[in-house]
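Have a look at the structure below before the remarks.
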Amino acid sequence: MYESMKMSVEHVVETGKISEEYNTRDEVRQVFSQWSIDGFTRQNHPTMIQVLLDQNKDKDITGNCLPNLVYVSRQKSKTSPHHFKAGALNVLVRVSAAMTNAPVILTLDCDMYSNDPTTPLRALCYILDPEMQSNLGYVQFPQEYHGLNKSDIYACEHKRLFKVHPVGYDGLCGPNYVGTGCFFRRRALCGGPSTLILPEIDGLCPDSVVNKPLTAPSVLELAHHVAGCNYENQTKWGSKIGFRYGSLVEDYYTGYRMKCEGWRSIFCYPETAAFLGDVPFNLLDVLSQNKRWAIGLLEVAFSRYSTITFGVKSMGWFMGLGYSYYAFWAILTIPITTYCLLPQLALLNELSIFPKVSDPWFLLYMFLFLGAYGQDLLEFVVDGGTIQRWWSDQRMWIMRGLSCYAFGLTEFVVKSIGIPTEGFNVTSKIINDEESKRYEQGVFEFGVPSPLFVTLTMAAIINLLSFIIGLVHFIVDGGSNKEGLVMQLALTGLIVMNCLPVYQAIALRSDKGKMPTKTTVTATLLASAVYVVASQFLK
């Protein structure tokens, strides 16, 4: 059955259309037949809503009612902004309000599936608790994945973001919304707990009752109307109601604004994963995804609702600073880049910038250095992580700081001064057999040239040269300056160990996942230029 389905899907992808032989139901045929009409494109088409399953008449083989299943494709037009994922979610909120207006909404990414059928009951235990009901906005489950390789080479688990930190936030106002695995109260999307903001149509109000069948003409007419691309004009959708616009990370921004309005959330972390999803299987997709996050977070950090000002005032110091930690994520590129380049360039010129081993300040530096890494490792392992995955997490922290954080910060600055930049891009979760095999073996996948690899490769080259030349100087003619170079050698050696996959991709690999030659040449030239300029400056 699986092989047959796989062939059918591949055939549809290759031909660009769905043959009649695959449309076995009238409802499905009615939906897909519309996509074959001339003028229908992904960027330009009218609203399409089709009831595929109706619980009042559709039953399974045992006679039990099946849940409602409704296909929704919102209207798209090149002349109207569609606000990406946040805009799609708001359309679904309005359409569902017109058709059922259920009081609880679950949001899931398209690559995630339910792993535990008791999950809704867990969420309802909180949502229906009379002690929490007045200000509980949503229940967030951790984002977990299947298919991670043994060492999680790209650190896609994001253990701190999805598991460790939410536990701490749960003691304050609750965890942030992470875009999937979240049960919302519909009421929470319409203003604060004490300030209800009513939608422009009575039928969209959170307390409205729908007592007509899904297929009733009046219900479908309203649903088509609220899914129009111009419906939100001159309304509060995206600003005061629904999922919020103004950031590429609409999940973070929506959860943050809800907390500022007075809602709280709950982190539900059962032993059995509630939902499981896919992870990106190559480095470019990982870095592109993190770059998008970095830009979106900066959009919140420097907006009128900045976490460091508006957030602290609305939620208090602890919660405001907690949100600020993520909002200014991209700023980490400054200390990380300094950490990965300055000591190394100084080492090439035999300049000492750290305390000598015999200096008492050296002990303080080592205490802070080892203490920070030790605390980080302890947090990771206590939450069920392994030392191998922790090392991958540290390696990717450096790689992100040298690439996607730097590009994200630059793109945000350029965008802020009015220069157009590339728009939203979706992370691909589609892989071929070769990529899958390399991922399972723990081998990095590069393959496609990208500017994101240039700075990373440049830093790897500089660190390798610095370590080799610095070690030679240290052994041959270090003289009285040996004690001052110990820390720089150790630090450079640590960065070199983190960059081993880059060196392997540059020199040792011959498969399709190796580092592109164009990227390597560009990075080498840039590294040479950086060294020449830095040498003159240090002198």
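Just how far, in whole angstrom, is region 336-394 from region 110-167 if you go by their alpha carbon centroids?
Spelled out, the Cα-based centre of one part sits 32 Å from the other.
Determine the percent antiparallel among the DSSP beta bridges restricted to the chain, to the nearest 5.
If we restrict to bridges inside the chain, about 75 percent are antiparallel.
Share of region 83-279's accessible area from carbon and sulfur, percent, 1.4 Å?
Working: 4480 of 7860 Å².
Carbon with sulfur: 57 percent of the solvent-accessible area.
How much length is gained on full extension from Val382 to Asn135, taking 0.36 nm per residue of separation minus their Cα-Cα distance?
Taking Val382 through Asn135 to full extension adds about 85.8 nm, to one decimal.
Can you give me the long-range amide H partners of Leu106? Hydrogens built in the peptide plane at 1.01 Å from N, cutoff under 5 Å, separation of 5 or more residues or another chain.
For Leu106, whose amide H was placed from the backbone, the distant partners under 5 Å are Phe184.
Could you provide, to the nearest whole Å², the per residue accessible area of the chain with probe 1.4 Å?
Value returned for the chain: 50 Å² of accessible area per residue.
Please give every one of the aspartates and glutamates within straight-line cross-link reach of Lys291, meaning a C-alpha to C-alpha distance under 16 Å, and leave out same-chain neighbours fewer than 8 residues apart.
Within the straight-line cut-off, Lys291 pairs with Glu250, Asp251, Glu299, Glu411, Glu422.
Quick one: which residues, 5+ away or cross-chain, put their amide H under 5 Å from the amide H of Tyr145? H built at 1.01 Å from N.
Gly277
Relative contact order for the chain: what is it in percent, counting Cα pairs under 8 Å that are at least 6 residues apart?
The value is 16 percent.
Using the Karplus equation 6.51 cos²θ - 1.76 cosθ + 1.60 (θ = phi - 60°), what ³J(HN,Hα) coupling, rounded to whole Hz, does each residue of region 511-527 give in order, writing x for Gly and Pro?
Each residue's phi maps through the Karplus curve to give 7, 6, x, 6, 5, x, 4, 4, 5, 5, 4, 4, 5, 5, 4, 5, 4 Hz.
Amide H neighbours of Phe328 under 5 Å, counting only residues 5+ apart in sequence or on other chains, H built in-plane at 1.01 Å?
Amide H to amide H, under 5 Å and 5 or more residues apart or across chains, Phe328 pairs with nothing.
With log10 I(q)/I(0) by the Debye sum over Cα atoms at q = 0.07, 0.09, 0.11, 0.13 Å⁻¹ as the read-out, I listed (1) -0.39, -0.65, -0.97, -1.35; (2) -0.49, -0.71, -0.99, -1.26; (3) -0.49, -0.79, -1.12, -1.46; which label goes with the value calculated from this structure?
Checked against the structure: label (3).
What is the spin-label model distance, in nm, from Leu124 to Ala490 if the labels are put 7 Å beyond Cα along the C-beta direction?
A separation of 5.8 nm, rounded to one decimal place.
When the accessible area of region 330-538 is computed with all protein chains present and a 1.4 Å probe, what percentage of it is carbon and sulfur? All intermediate terms of the calculation are to be shown ahead of the outcome.
On the way: 7530 of 10780 Å².
The computed percentage sits at 70.
Which value at 222 nm does the chain reach when only helices count, each DSSP H run of 4 or more adding -39,500 (n - 2.57), with the total divided by all residues and rounded to the nearest 500 deg cm²/dmol?
Values: 19 runs with 254 residues, N = 539.
The helix contribution divided over the chain gives -15000 deg cm²/dmol.
Expressed as an acute angle from 0 to 90° and rounded to the nearest 10, what is the orientation of the C-alpha long axis of helix 387-402 relative to the principal long axis of the chain?
90
Any idea what angle helix 317-327 forms with the longest principal axis of the chain, computed on alpha-carbon atoms, 0 to 90 degrees, nearest 10?
The angle comes out at about 80 degrees.
Relative contact order for region 329-446 using alpha-carbon pairs under 8 Å, separation at least 6, rounded to a whole percent?
Relative contact order here is 33 percent.
If one takes the longest principal axis of the Cα atoms in the chain, at what angle in degrees, from 0 to 90 and to the nearest 10, does the Cα axis of helix 360-382 lie?
Taking Cα atoms only, the helix is inclined about 30 degrees.
For region 272-337, what relative contact order do you get, as a whole percent, if you take Cα pairs closer than 8 Å and at least 6 residues apart?
After rounding, I find 28 percent.
The values are calculated or read from the model by the stated rules, or taken from the named source; none is laboratory data. Note that the structure is a prediction, hence the values are computed from the model and not measured. Virtual Cβ from ideal backbone geometry, glycine too; neighbours counted across all protein chains shown. The protein model used for the area step is the full one, side chains on, heavy atoms only, and it has no ligands, DNA or RNA in it. Shrake-Rupley method; radii C 1.70, N 1.55, O 1.52, S 1.80 Å.
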